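Taking it in order: structure first as structure tokens, then the write-up.
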Amino acid sequence: MAILVTGGAGYIGSHAARALRRSGYEVVLYDNLSAGFRRLAQGFELVEGDIADEARLRPVLARVDAVMHFAAHAYVGESVENPRKYFRNNVLGALTLLNSALDAGIRRFVFSSSCAVYGVPEQSPIAERTPREPVNPYGASKLFFENALQAYSRAYGLRSVSLRYFNAAGADESGEIGELHDPETHLVPLALAASTPNGPALRIYGSDYPTPDGTCVRDYIHVNDLADAHVRALQYLENGVGEKSGGSLAVNLGTGRGHSVLEVVQAAESATGRPVRRTIGPQRPGDPPILVADPAKAQSVLGWTAKRNLADIVSSAWAWMQKNSSSS
Ligand code: UDP
């Protein structure tokens, strides 16, 4: 069975590709390398192309059985500044991919969604039935595509799983691949970099939140736990479970445990054995105080739970960062 992984040269897509291969699937990566990295795709067939390019997609889709769709712009702040870019790629481009997949006879689709679809929920932990009220164009683009999948499932029998990630972090234990973004805006790599002699100090976005230590609380989930959940989602679609109840499922992927920014800083200090230089800055606009998943549905429907904790996340990210800096 062959799977097309769009965004397969990106951070999460490249980890999912390896998890798929470990589970015996044939994998074809599809990436326009606008945000992806050729080195993350090493050892895999990589088709360079855009998800909006129907002609490019057609022959590739003809030889796969399912699609895992990761290719998307994913900076919340940028989506506020430049919504056009986000709706063009995450909605228009993604619909071209979806329609092309449908035309190619594909009926199984796994989608990278996000806890950003919930906006600023009042309750924590967040269950899937929480109203979806995104507060930025990035979240809105993810919500649109979830709705498209639901409509396509009713109308055309396309079966799909939308996986709503909380905070993905960490690196493959092999040290071969890990988090790469340009620019890097995420907490774990920035905290680790701030413990190195030449790295810039970490700016903590706000210490006056209504949380135990005043910094934001997030649910950090190891990228390989996410990757394993994608394999489970595909197996769920293959097994035809839930076929009668309509074919579009949405599931949170998180650990159910929250950690504050300061706890992540402490974990980074334990991993590196060095202090993380930091300053306290103002809150980042749009950051809710607490986002923690209720992961019960992932457990009951997909049989999946996160196996790795914050220490595993930070130590794997640190191993990757050290290897990466010595090899580049
Ligand atoms: N954060 C921070 N300083 C940074 C980057 C992030 O204090 O330089 C905080 C941010 O406010 C949030 C958490 O770390 O509470 C995780 O942010 P990140 O950008 O990694 O992921 P996001 O939650 O935006 O997806």
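Span-like helix criteria (full DSSP H runs; alpha carbon extent of at least 15 Å along the helix axis; mean Kyte-Doolittle hydropathy of at least -0.5) are satisfied in the chain by 11-22, 137-156, 223-239, 261-272, 310-327.
Think of the chain as having a plus end and a minus end, set by charges on the Cβ of Lys, Arg, Asp and Glu; of G10, S300, I204, S300 sits farthest toward the positive end of this dipole.
When the Cα atoms of the range 195-303 are aligned to their principal axes, the ranges along those axes come out at 54, 29, 20 Å in descending order. Descending by average beta-carbon neighbour count within 10 Å, the peptides 80-93, 301-314 line up as 301-314, 80-93, the highest first. Once C-alpha pairs closer than 8 Å and six or more residues apart are averaged by separation and normalised to the residue number of the range 80-202, the relative contact order reads 25 percent.
The range 208-267 and the range 268-328 have Cα centres spaced 12 Å apart. Applying a DSSP loop filter and a limit of 16 other Cβ atoms within 10 Å to the GluC sites (Glu not before Pro) in the range 235-328 leaves E243. Normalised by the number of residues in the range 189-328, the mean separation of alpha-carbon contacts (under 8 Å, six or more apart) gives a relative contact order of 39 percent. Which of F109, F144, F70 moves most in a GNM of the chain, Cα contacts under 10 Å? Looking only at F109, F144, F70, the largest GNM fluctuation is found for F144. The average projected area of the chain, computed from the convex hull of its Cα atoms over all directions, is 15.4 nm². When the Cα positions of S100, T185, S112 are compared along the charge dipole of the range 87-212, S100 comes out farthest toward the positive end, with charges on each C-beta of Lys, Arg, Asp and Glu.
Only Cα pairs under 8 Å and 6+ residues apart enter the sum, and on that basis the relative contact order of the chain stands at 19 percent. The portion of the accessible surface of the range 109-227 made up by carbon and sulfur, rounded to a whole percent, is 50 (1.4 Å probe; DNA, RNA and ligands excluded). Only the Cβ atoms of Lys and Arg (+1) and of Asp and Glu (-1) were treated as charged; on that basis the dipole of the chain about its Cα centre amounts to roughly 280 debye.
When the solvent-accessible area of the range 238-328 is split by element, carbon and sulfur atoms take up 51 percent of it, the probe being 1.4 Å.
The values are calculated or read from the model by the stated rules, or taken from the named source; none is laboratory data. None of the values given here were measured: they were computed from a predicted structure. As a convention, Cβ positions derive from the backbone with ideal geometry for all residues, glycine included, and neighbour counts pool all protein chains shown. Protein only, heavy atoms only, side chains kept; ligands, DNA and RNA dropped before computing areas. Shrake-Rupley method; radii C 1.70, N 1.55, O 1.52, S 1.80 Å.
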